1. For residues in region 15-41 being assigned to a loop (DSSP other than H, G, I, E, B) and more than 12 Å from residue 127 (Cβ to Cβ), which is nearest to ligand 2 (Cβ to nearest atom)?
2. Would you point out the residue of region 44-56, among those that are under 25 Å from residue 117 (Cα atoms) and out of contact with any strand residue (DSSP E or B) (no Cβ under 8 Å at 6 or more places or on another chain), that is surrounded by the most Cβ atoms within 10 Å (Cβ to Cβ)?
3. Taking into account only those residues within region 204-218 that are touching a residue at least 12 places away in the same chain (Cβ under 8 Å) and over 17 Å from residue 246 (Cα atoms), which is farthest from ligand 1 (Cβ to nearest atom)?
4. When you scan region 204-215, do you find a residue that is modelled with pLDDT under 95, assigned to a helix (DSSP H, G or I), within 30 Å of residue 109 (Cβ to Cβ) and more than 16 Å from ligand 2 (Cβ to nearest atom), even just one?
5. Can you find a residue in region 42-58 that is more than 13 Å from ligand 2 (Cβ to nearest atom), under 19 Å from residue 100 (Cα atoms) and in a helix (DSSP H, G or I)?
6. Under the condition of being more than 17 Å from the chain's Cα centre (by Cα) and part of a helix (DSSP H, G or I), which residue from region 225-253 is surrounded by the fewest Cβ atoms within 10 Å (Cβ to Cβ)?
7. From (1) assigned to a strand (DSSP E or B); (2) away from ligand 1 (no atom under 12 Å from the Cβ), pick out the condition that doesn't hold for residue 163.
8. Of all the residues that make up region 200-211, how many are surrounded by 13 or more Cβ atoms within 10 Å (Cβ to Cβ) and either more than 18 Å from the chain's Cα centre (by Cα) or on the phi > 0 side of the Ramachandran plot (or both)?
Ligand SMILES: Nc1ncnc2c1ncn2[C@@H]1O[C@H](COP(=O)(O)OP(=O)(O)O)[C@@H](O)[C@H]1O
Ligand SMILES: [Mg+2]
């Protein structure tokens, strides 16, 4: 059965795109037919995995301007991975999200339903907001996983998100699961990071950690999967690979 995951916190720079992309690659590498849907109007996930601009973007599908298969692009050098892109500049996902999704909150749900006939794993990459577009994506997901950085403001963000998600679940009668948090860019040598971890562990959440690893940024700059990126023979740290494998196993099982 197909499963849909969103990585979300209404905060920028916490690693939503990095983790969405990395977990999508991991899923594809493990043999699951996987699609990464770029629902962030900035199109970061698309510019990470695609070099050339595509003919269509996800908002063209949502507005019936093309079929899903016309907009989906296979990711170069990553068997089993596909992306439904967003243009960033020149795209109209933001406008569509602001103007249309309010009256049609189930459009992403319908898109996911179509995708689930063809893909085993669906990953939605969202922008930092919590507007109509993000709400629509969250209620279309089976599970939401929150990435956060080890800062006090991220803990505040998590608390606000938990509160807002409760409201969304009630409003849309949604049973989406939210019980995992990833502390990204974690450094156990830093006392403040350990303190954030202690506070986070007091909640009812399973906590995962991903360390700072420069390969993420470098792989994004070179349009490749972090798992495949090598510079002078070196790729992701062993510890990072262990974290990704652990998270991936727990998400899709
Ligand atoms: N674990 C990490 N180690 C090092 N750099 C990271 C890590 N996670 C994310 N980054 C970098 O941080 C920046 C912001 O990450 P991004 O995934 O774009 O955040 P978001 O999607 O939440 O805005 C990017 O430049 C990315 O390469
Ligand atoms: Mg992002």
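1. From region 15-41, those assigned to a loop (DSSP other than H, G, I, E, B) are 15, 30-33, 39-41; that's our starting set.
From what is left, the residues that are more than 12 Å from residue 127 (Cβ to Cβ) are 15, 30-33.
Details: 15: 8, 30: 23, 31: 26, 32: 22, 33: 23 Å.
Residue satisfying both the conditions and the ranking: 15.
2. Initial filter on region 44-56 (under 25 Å from residue 117 (Cα atoms)): 45-46, 49-50, 54-56.
Those still in the list that are out of contact with any strand residue (DSSP E or B) (no Cβ under 8 Å at 6 or more places or on another chain) too: 55-56.
Numbers: 55: 10, 56: 18.
Checking each candidate, the answer is 56.
3. Taking region 204-218 as the starting set, the residues that turn out to be touching a residue at least 12 places away in the same chain (Cβ under 8 Å) are 204-213, 215-216, 218.
Then keep just the ones that are over 17 Å from residue 246 (Cα atoms); that gives 204, 215-216, 218.
Details: 204: 23, 215: 8, 216: 4, 218: 8 Å.
This residue is 204.
4. Among the residues of region 204-215, not one is modelled with pLDDT under 95, assigned to a helix (DSSP H, G or I), within 30 Å of residue 109 (Cβ to Cβ) and more than 16 Å from ligand 2 (Cβ to nearest atom), which makes the answer no.
5. yes
6. Step one: filter region 225-253 for residues more than 17 Å from the chain's Cα centre (by Cα), giving 228-242, 253.
Next cut, part of a helix (DSSP H, G or I) only: 238-242.
Numbers: 238: 8, 239: 14, 240: 19, 241: 16, 242: 13.
Among residues in region 225-253 that are more than 17 Å from the chain's Cα centre (by Cα) and part of a helix (DSSP H, G or I), the one surrounded by the fewest Cβ atoms within 10 Å (Cβ to Cβ) is 238.
7. For residue 163, the failing item is (1).
8. Of all residues in region 200-211, those surrounded by 13 or more Cβ atoms within 10 Å (Cβ to Cβ) come to 200, 203, 205-211.
Add one more test, that the residue is either more than 18 Å from the chain's Cα centre (by Cα) or on the phi > 0 side of the Ramachandran plot (or both), and what stays is 200, 203, 205.
Counting residues in region 200-211 that are surrounded by 13 or more Cβ atoms within 10 Å (Cβ to Cβ) and either more than 18 Å from the chain's Cα centre (by Cα) or on the phi > 0 side of the Ramachandran plot (or both) gives 3.
The values are calculated or read from the model by the stated rules, or taken from the named source; none is laboratory data. Because the structure is predicted, anything quoted here is derived from the model rather than measured. Glycine gets a Cβ as well: all are built from the backbone with ideal geometry, and neighbour counts include every protein chain shown.
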